[in-house]
Amino acid sequence: GFLDFPVGTQLNAINRCVFNSGTGWLGQFGVKILRDEKRGGQEDFEEMDKFTTNRYGFEITTNRLELWGKLGYQFPGKPYKSVGLQLSTAKHRHDSYYGFTSHDADEQSGYLNLIYQSIISSTAHKFKTGFSYMYNAYDERLLNAQLPIRIIRDGSETTANLMNFDRTEQVPGALFEYTYDYLHKISLIAGMRVDYHNLFGTIFTPRVHTRVNLSQTSTIRLSAGKGTRIANLLMENVGVLASSRQVVFSELQS
């Protein structure tokens, strides 16, 4: 009596405008709208069965609005030299429940990136430099009125029916990238960026990519580097909520 796959509806709308002034200025602007509704569980689950033991069901509703824009200038007679600005903002709303478990989340984000690129003495030596700024505000709640959430913090254990995972991230940063190209046979890209995260401090991110074209059919690539990502625990493991298992957060820090 259970659905093999969730059922639902999805609406996607997107519009993008692009312009070229003919004098070096290039740009584009876009808007994207998403609404996604999913329902799963028992086939005869209805709205009146929500948060009851009559029938099991879950629903996930997602609303997202995204705006972005790009503006760049290419210097006349110098195709290797340009400056560009990227801007984007998004508002994401997620409402869901799985049996007795309710999970709601809001995200508001903004991103700015300014890049300047040119050459050093010849087109075999190129570089990019610039700075960026990222803003993310999360408002996230997990609620289970029937089965309390276990929380193990600093060696002691407590339970709670409601947990909040709110946080605000602000990350300014700067980057520099150097590219060496030898007759399209050897290519080397070495870059680094330094970001300051208001919650995790300074983050240094280096990377190196090398490509050697041995022949028309053989290429050697080597890459090395470092990356940092901040996890959203619940959104990345949302399938765990669609079960009767108790959620446990262990080794949390105050």
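The numbers here are math on the coordinates, done by the rules we state, and not lab data. In this text, all values refer to a predicted model and were calculated from it rather than measured experimentally. Cβ: placed from backbone, ideal geometry, glycine included. Neighbour counts: every protein chain shown.
With a Cα-only, solvent-free Debye model of the range 162-209, what are the log10 I(q)/I(0) values at q = 0.21, 0.26, 0.33 Å⁻¹? So the normalised log intensities work out to -0.77, -0.92, -1.12.
Converting the Cα gyration tensor eigenvalues of the range 58-98 into ellipsoid dimensions via √(5λ) gives semi-axes, longest first, of 42, 8, 5 Å. Here the Kirkwood formula, the inverse mean of 1/r across different C-alpha pairs, assigns the range 160-254 a hydrodynamic radius of 17.8 Å.
Evaluated on the chain, the Kirkwood hydrodynamic radius is 22.7 Å, with distances taken between all distinct Cα atoms. For the listed peptides 195-207, 50-62, a ranking on the average number of other beta carbons within 10 Å per residue, highest first, reads 50-62, 195-207. In the distance distribution for the range 1-107, Cα-Cα pairs more than 20 Å apart total 59 percent. Electrostatic bookkeeping for Ser218 treats Lys and Arg as +1 and Asp and Glu as -1; over the other residues with beta carbon under 13 Å from its beta carbon, the sum is +3. Stokes-Einstein diffusion for the range 78-207, with the hydrodynamic radius set to the Kirkwood value over Cα pairs and evaluated at 10 °C in a medium of 1.306 mPa s, equals 85 µm²/s. Computed from the Cβ-Cβ distance with R0 of 41 Å, the FRET efficiency linking Thr219 to Thr62 stands at 0.50.
Taking the Cβ of Ala137 as the center, what net charge do the other residues with Cβ under 11 Å away carry, scoring Lys and Arg +1 and Asp and Glu -1? Around Ala137, the surrounding residues sum to -4.
Basic side chains Lys and Arg get +1 at the Cβ, acidic Asp and Glu get -1 at the Cβ, and with that the dipole of the chain about its Cα centre reaches some 1640 debye.
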